[in-house]
Amino acid sequence: MVVSSLYAMTQLSHAQDKKIILAFGDSLTAGYGLAPGEGFTDQLEDTLNAIGTNVIVINAGVSGDTSSGGLSRLEWVLANLAQVDLVILALGGNDALRGIQPEFTRSNIDKMASILKDKEISTLIAGMMAPPNLGQVYAQDFNSIFPDTAEKYDADLYPFFLDGVAGFIELNQNDRIHPNPRGVKIITAKMASSIIEALK
């Protein structure tokens, strides 16, 4: 989505009294492998609007993005938006898939949370979990990044982005990593209450 479109959407929201949610992440946010209307941001917007929470959800997901990539573009994305009421920070999964040392991921997530805190933007950190093949020590170091950062910056926490979907073949695409439309529907339904709370 081009910057002008993002700006136009936020301007429109003022007249419609809608909250603006920025979904800032990787392929899970971007809707990799899914048709228009099936991805995370589209389904989340539909889910929230259906229960009376009037929102526009902006898709700022970049497939393949790591926490380093997210850090490098966060301020640019924010600078091109007239309004942001909540950021869903959903990065780190690709760091684990690439075996990046958790201390680097922790530093990047920390810096992004700090930027959002300084700008007084409400933040929901969506946690990720390390693949089991990386070992127990790696998993402990990696998995703790998200609750630790949320506590440090007084951000809201959704413990695991793929809760209820990871590991279920019928809810994922053939790569067994990215959710299919049914999987996304479960994710958005489970996450909705946390988002509503974060918007308060």
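Are there any pairs with C-beta distances below 8 angstrom linking a residue in segment 161-182 that is in contact (Cβ under 8 Å) with a residue 12 or more places away in the chain to a residue that is among the acidic types (Asp, Glu) and not in a loop (DSSP other than H, G, I, E, B), with the two at least 6 apart or on different chains, and if so which?
Going by the 8 Å Cβ cut-off, the qualifying pairs are Arg182/Glu170.
Hand me the list of helices (runs of 4 or more DSSP H) wholly inside segment 1-116 holding 1 or more residues that are modelled with pLDDT under 95 and of a type outside the set (D, E, K, R).
In segment 1-116, 3-16 are the helices (runs of 4 or more DSSP H) which contain 1 or more residues that are modelled with pLDDT under 95 and of a type outside the set (D, E, K, R).
Any idea which of (1) touching a residue at least 24 places away in the same chain (Cβ under 8 Å); (2) outside any strand (DSSP E or B); (3) among the β-branched types (Val, Ile, Thr) is the one Ile125 doesn't satisfy?
Looking at each condition in turn, Ile125 falls short on (2).
Give me a count of the residues in segment 147-176 that are over 15 Å from Ser122 (Cβ atoms), in contact with a helix residue (DSSP H, G or I) (Cβ under 8 Å, 6 or more places away or on another chain) and assigned to a loop (DSSP other than H, G, I, E, B).
Adding up the residues that qualify gives 8.
The conditions are (1) in contact (Cβ under 8 Å) with a residue 60 or more places away in the chain; (2) more than 17 Å from Thr47 (Cα to Cα), and Gln101 fails exactly one of them. Which is it?
Every listed condition holds for Gln101 apart from (1).
Matching residues to (1) crowded, with 22+ Cβ neighbours inside 10 Å; (2) in contact with a Leu (Cβ under 9 Å, 6 or more places away or on another chain); (3) not basic (Lys, Arg):
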| residue | (1), (2), (3) |
| --- | --- |
| Leu116 | yes, yes, yes |
| Lys119 | no, yes, no |
| Ile125 | yes, yes, yes |
| Pro132 | no, no, yes |
| Pro147 | no, yes, yes |
| Leu199 | no, yes, yes |
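The values are calculated or read from the model by the stated rules, or taken from the named source; none is laboratory data. If you're wondering where the values come from, they're calculated on a predicted model, not measured in any experiment. Cβ coordinates were reconstructed from backbone atoms using ideal geometry, including for glycine residues, and neighbour counts include every protein chain displayed.
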